[in-house]
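Read through the structure below, which is laid out as structure tokens, and then see the notes.
Read-outs: derived from the displayed coordinates by stated rules, not from any lab. All figures in this text were calculated on a predicted structure; none of them were measured in a lab. FYI the Cβ positions are ideal-geometry reconstructions off the backbone, even for glycines, and counts take in every protein chain you see.
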Amino acid sequence: SIAPLTVSARPYDFTFDPATTALVLIDMQRDFLEPGGFGESLGNDVSQLRGTIEPLRAVLAAARAVGLTVIHTREGHLPDLSDLPPAKLHRGNATLRIGDVGPKGRILIRGEYGQDIIDELAPIDGESVIDKPGKGAFHATAFGDMLTARGITSLIVTGVTTEVCVHTTVREANDRGYECLVLSDCVGSYFPEFQRVALEMVAAQGGIFGWVAPSADLLAALP
Ligand code: C5J
């Protein structure tokens with residue numbers, strides 16, 4: 001086992017034990033990162049998110065090399081939409097709604113091509129994939145129980161989008177007592193202003209929700 005590691009971060013150094021830390025990749029799905037999916041149907045420019053892919057690929061490779069627990073999440077719903085609240089279905093004026101057939105399959109439906117994780121970050125054997133109906137990873141999933149069973153106390157959080165599923169998950173995790181480090185270049189937003197402010201919100205007030213660091217500083221800390 002490896003001794004605790006320290007990452008230069010905001011608002012101050014983040015120290016973690018790799019044995020009790022998970023790398024979490026939130027919703028790096030075709031539906032959010034590629035044209036023709038849910039994100040674009042809501043009027044977003046998906047190219048805004050694609051800058052996260054290369055840094056996250058490097059972090060994922062490094063995490064695998066040191067044997068960190070790796071957990072992927074996917075936002076999505078059952079084919080019969082029984083886990084989709086009407087409030088979520090009807091919100092906004094999307095060109096394609098959840099469950100409609102788009103160019104990559106039914107939008108945000110489990111098992112569809114578009115709902116799956118992008119090829120660049122595809123999970124490998126031994127990595128868990130949490131399907132979640134909400135924005136946060138804890139809501140209506142086995143994520144919390146999985147962390148408890150594995151003795152995980154710290155989360156290195158990446159994925160999309162910064163101010164929606166990343167923030168919701170970090171806030172849920174923080175209230176449950178987890179220490180969260182958000183990697184600034186491995187999280188992405190469709191809105192540059194939200195990206196900047198969402199990261200500020202995590203580290204403000206002495207780290208009200210957690211820590212923020214660029215992935216280079218995590219990579220520098222890994223053995
Ligand atoms: C959104 C997400 N933005 N994964 N989902 O609807 O952040």
Inset, instruction - Quick one: which residues, 5 or more positions from Ile156 or on another chain, have an amide H under 5 Å from its amide H? H modelled 1.01 Å from N in the peptide plane, none for Pro or chain starts. - result: Ala22, Leu23, Val24, Leu181
Legend entry - Cross-link reach list, aspartates and glutamates versus Lys88, counting only Cα pairs under 15 Å and skipping chain neighbours closer than eight places: Glu75, Asp80, Asp100
Legend entry - the chain - share of DSSP beta bridges that are antiparallel (%, nearest 5): 20
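Can you give me the relative contact order of the chain as a percent, contacts being Cα pairs under 8 Å and 6 or more apart? If you can, show how the numbers build up before the last one.
Details: 453 pairs, mean separation 61.1, N = 223.
Answer for the chain is 27 percent.
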Legend entry - Helix axis angle, 192-207 relative to the chain longest principal axis, alpha carbon, degrees: 40
Legend entry - Stretch gain in nm, segment Ala3-Phe194, where the contour uses 0.36 nm per residue and the Cα spacing is subtracted: 65.2 nm
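Of Asp45, Asp31, how do they rank once you tally other Cβ atoms within 10 Å and put the fewest first?
Working: Asp45 12, Asp31 29.
Going from least to most buried by this count: Asp45, Asp31.
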Legend entry - Unit charges on C-beta of K, R, D, E only; dipole of the chain, Debye: 240
Inset, instruction - Restrict the search to the range 101-172; then list the chymotrypsin sites (Phe, Trp or Tyr not before Pro) that DSSP places in a loop and that have at most 11 other Cβ atoms within 10 Å of their Cβ. - result: none
Legend entry - Translational D in µm²/s for the range 87-215 (Stokes-Einstein at 10 °C, 1.306 mPa s, Kirkwood Rh from C-alpha pairs): 99
Inset, instruction - Could you go through the range 114-129 in sequence order and give the Karplus-derived ³J(HN,Hα) for each residue, using 6.51 cos²θ - 1.76 cosθ + 1.60 with θ = phi - 60°, rounded to whole Hz, and x for Gly and Pro? - result: x, 7, 7, 6, 4, 3, 4, 10, 4, x, 10, 3, x, 9, 8, 10
Inset, instruction - At q = 0.12, 0.17, 0.19, 0.20 Å⁻¹, work out log10 I(q)/I(0) for the range 31-142 with the Debye formula, treating every Cα as an identical point scatterer and leaving solvent out; two decimals please. - result: -0.45, -0.88, -1.06, -1.15
Inset, instruction - Taking amide H positions as placed in the peptide plane 1.01 Å from N, state which residues far from Asp116 in sequence (5 or more) or on other chains have amide H under 5 Å from it. - result: Arg30, Asp31
Inset, instruction - Quick one: what are the phi-derived ³J(HN,Hα) couplings along the range 50-60, Karplus 6.51/-1.76/1.60 with θ = phi - 60°, whole Hz, x for glycine and proline? - result: 6, x, 7, 5, 5, x, 6, 4, 5, 5, 4
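Percent of Cα-Cα pairs more than 24 Å apart in the chain, please.
Working: 9666 of 24753 pairs.
Value for the chain: 39 percent of Cα pairs lie more than 24 Å apart.
Compute the signed sum of charges (Lys and Arg +1, Asp and Glu -1) over the other residues within less than 11 Å, Cβ to Cβ, of Ser215.
Numbers: positive: Arg57; negative: Glu54, Asp185, Asp217.
In short, -2.
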Legend entry - At R0 = 22 Å, FRET efficiency that the Cβ-Cβ distance of Val66 and Ala142 yields, to 0.05: 0.35
Inset, instruction - Output ³J(HN,Hα) for the range 3-20: one whole-Hz value per residue in order, computed from phi by the Karplus curve 6.51 cos²θ - 1.76 cosθ + 1.60 with θ = phi - 60°, and x for Gly and Pro. - result: 5, x, 10, 10, 10, 5, 8, 9, x, 7, 3, 9, 10, 9, 9, x, 6, 10
Inset, instruction - Quick one: net charge around Ala22, please, counting Lys, Arg +1 and Asp, Glu -1 for every other residue with C-beta under 12 Å from its C-beta. - result: -2
